[in-house]
Amino acid sequence: MVIFLYGPDTYRSRQKLQALKKKFIREKDKKGLSISYLEGAGLTCEKFRQSALTAGFFSKKRLIIIENLLGNSLRNQAQNTLVQEITSFAKKKSQDKDNIVIFWEEDFDKNRLTSAKRALYELLKKQKYAQEFKLLTPGEVRLWIKRLSQSQGLNIAQPALEYMALTYGNNLWSIKNEFDKLLAYSANKNNLITLKDVKTLSRVNLCENIWNLVDAIGLKNRKMALKLLADQIKSETDPSWLISMLARQYKIILKVKFGIRNQPLSSARLAKMLGLHPFVCQKALRQEKNYSLIQLKKIYRELLKIDLLRKTTRIEPEVLLDLLIVKN
């Protein structure tokens, strides 16, 4: 059996993957010793054969999970040979009910696939158990929040639900993180989530605005970057907080840039290695493509200098931030 889980909504695809793993352990392999995890970026034909052709220790059935084979940036002959071999393997296993192969992919650019990867993608998306996880619409996000609250034994007031949907959009990772805090907070109350509760525990999604600002700077869209900065100032965002958040984001992008310098890694593996939230790492991976290492170091140093000038001079920090945008 071949299962294909893919799309930009990595929260729901991860939940589905976890559910399939638990089901396999519960029904086929109680010790979980017949499960193989393969990372596409570092996978070789030899490693694949060792996992795919080795019988399970305590079970005749095996679960093989291959992550980010299509989405990694490798375009060499070794990768093409590997993908072609896995494509042949997938064709055989699509009718095999005793063994399960799960392909899990984050969002990837389908127009940039090599011919070998495109052939595999075309095969996988036609599978009976292929499932694409698109980002939820605003209406679907509201329904998802309501169902999440019910699953946690909570009731959420409509104003609180609307506030969360507008604040976090379709970032389900952040919504779930907020619900974890709300669950602990409501333990000593009547299990009703009010608008006041959400505002008390949730900071308006300023992180999203910071990401948009970093995107605009990286894309050399100075007009948009200056507007986004002006919007932050008008909303009375504390300049010191703004500077620290920008510095933090550029530091994360730098870490990601260094992390993938020697070999391409999936955002899931990179997030684990760097100790980052999966969604934050995914965002940083997209942003680092817009910057050279020299640019990132320069901007990060300038932000540290701005923070020092803010503390030691009377120059308005927004003026310094404007200059940073214009110069970069």
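The values are calculated or read from the model by the stated rules, or taken from the named source; none is laboratory data. Quantities reported herein were computed from a predicted structural model and do not represent experimental measurements. Don't worry about glycine lacking a Cβ; one is built from the backbone with ideal geometry, like all the others, and counts go over all protein chains shown.
Across segment 279-295, which residue is nearest to ALA216 (Cα to Cα) among those that are buried (at least 18 other Cβ atoms within 10 Å of the Cβ) and not hydrophobic (A, V, I, L, M, F, W, C)? Show your work before the answer.
Initial filter on segment 279-295 (buried (at least 18 other Cβ atoms within 10 Å of the Cβ)): 279-285, 287-288, 291.
From what is left, the residues that are not hydrophobic (A, V, I, L, M, F, W, C) are 282-283, 287-288, 291.
Numbers: GLN282: 17, LYS283: 14, GLN287: 10, GLU288: 12, TYR291: 11 Å.
Ranking the candidates gives GLN287 first.
Return yes when GLN232 is without any contact (Cβ under 8 Å) to a residue 40 or more places away in the chain and either more than 19 Å from the chain's Cα centre (by Cα) or within 30 Å of GLU67 (Cβ to Cβ) (or both) and no when it is not. Criteria met by GLN232. Looking across segment 235-263, the residues that are crowded, with 16+ Cβ neighbours inside 10 Å, closer than 23 Å to GLY40 by Cβ and not β-branched (Val, Ile, Thr) come down to LYS255, LYS257, GLY259. Applying the criterion of being polar (S, T, N, Q) and out of contact with any helix residue (DSSP H, G or I) (no Cβ under 7 Å at 6 or more places or on another chain) to the residues of segment 39-54, the residue that is surrounded by the most Cβ atoms within 10 Å (Cβ to Cβ) is SER51.
Take ILE252 and tell me if it is among the hydrophobic types (A, V, I, L, M, F, W, C), in the same structural domain as LEU213 (by TED's automatic domain parsing) and touching a helix residue (DSSP H, G or I) at 6+ places or on another chain (Cβ under 6 Å). Yes. Limited to segment 267-281, what total is found for residues that are in contact with a Pro (Cβ under 8 Å, 6 or more places away or on another chain) and modelled with pLDDT of 80 or more? Residues flagged as in contact with a Pro (Cβ under 8 Å, 6 or more places away or on another chain) and modelled with pLDDT of 80 or more within segment 267-281 amount to 1.
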